[in-house]
1. Helix 167-191 against the longest principal axis of the chain: what's the angle in degrees, Cα atoms only, rounded to the nearest 10?
2. Please determine, in degrees from 0 to 90 and to the nearest 10, the orientation of helix 113-130 with respect to the longest principal axis defined by the Cα atoms of the chain, where the helix direction is its Cα long axis.
3. Mean-square fluctuation check for the chain, GNM, Cα pairs under 10 Å: which of Thr232, Thr134, Thr162 is largest?
4. Amide H to amide H under 5 Å from His239: which residues, 5+ apart in sequence or cross-chain, H placed 1.01 Å off N in plane?
5. Angle check, please: helix 156-165 long axis (alpha carbons) against the longest principal axis of the chain (alpha carbons), in degrees 0 to 90, nearest 10.
6. Once you charge only the Cβ atoms, +1 for Lys and Arg and -1 for Asp and Glu, what is the size of the charge dipole of the chain about its Cα centre, to the nearest 20 debye?
7. Charges on Cβ only, +1 for Lys and Arg, -1 for Asp and Glu, centred on the Cα centroid of the chain; of Cys145, Gln255, Val196, which one is farthest towards the dipole's positive end?
8. Using a ≥ b ≥ c from the Cα gyration tensor of the stretch 1-41 (square roots of the eigenvalues), is it rounded, prolate or oblate, where a/c under 1.5 gives rounded and otherwise the larger of a/b and b/c decides, a/b for prolate?
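The values are calculated or read from the model by the stated rules, or taken from the named source; none is laboratory data. Keep in mind it's a predicted model, so treat the numbers as computed, not measured. Every residue, glycine among them, receives a Cβ derived from its backbone with ideal geometry; neighbour counts consider all protein chains shown. Areas reflect the complete protein model, heavy atoms only, side chains present, ligands, DNA and RNA absent. Shrake-Rupley method; radii C 1.70, N 1.55, O 1.52, S 1.80 Å.
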Amino acid sequence: MERMMAALNGEKPDRVPVHFYPRWAPLEYLGVTFLQAWENPDIYVKAQIVGQERFQYDCVIDYDMMGPVEEALGTVLKYPENDVPMVRGPAIQSKEDMKKINWRVDPRKDGNMPKVLYVIRRLKEELIRRGRGTQRVPIMTWGSCPSRTAACMMGFQDWFITVARDPEWARELMELCLTPWLEMVKAEVEAGADLVWVNDPVSSGDCISRDAYEKLTQPMERKFIEAIREATGVPVVFHPCGNWHDRLDLIAQNQADCYFLGPM
């Protein structure tokens, strides 16, 4: 805990923290699939605890799955046997659809969001129990930035077309998408998460232009990160996913506490 938090606060830790992406490896170590761990959250908790104890990396993570908020808002997901949920059917195909959605979802009772919160609470309990009253390993949770959420709500191809042809609609949709995920992050921290990572896989150079990123999606990333910091006070890690070589200077403007820059 002290090592990770020191690094995130710009302080000198006893050594460099080792934090790889610990969702898949612990599941494989126990010989279970993601779907099995999704259907039985205690299996996922066990995998995280056993994996960290066996390999001694410096952080555990909750489900970090695609779509609990988007699903609650109306996006239809499919659940593969051994992969994270994927978008099967978007919730928004027109501006009228956007108006029909109940954007005031409650992460503590709606859809599968409570399952994610349960995992965080159980991880906290197990870490404290195994630390004999002290939590020695931090829990990382996840928040989806508005551009990614909007793409899931609309469907990725239609989202890219909207960014190019109707940026005002894109901006309006991102504004609506920010609050539900902010509420989810607040509930995750309340459940026991110690830091949050935010990712954007739909604003890379493979997806939209630098100009569109600078004028449209990057300001919403920063707004989301600032809102998380103000509401929770926990450190924020930002992950630009994909080819971002021509916009790293813009990414830095997000003022995250840490940047996870791979793979690129």
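1. Long axis of 167-191 versus the principal axis of the chain: about 20 degrees.
2. With rounding to tens, the tilt is 20 degrees.
3. So, out of Thr232, Thr134, Thr162, the one fluctuating most is Thr134.
4. Val198, Asn199, Asp200, Phe260
5. So the inclination is approximately 50 degrees.
6. For this selection, approximately 560 debye.
7. Val196
8. Prolate, since a/c reaches 1.5 and a/b exceeds b/c.
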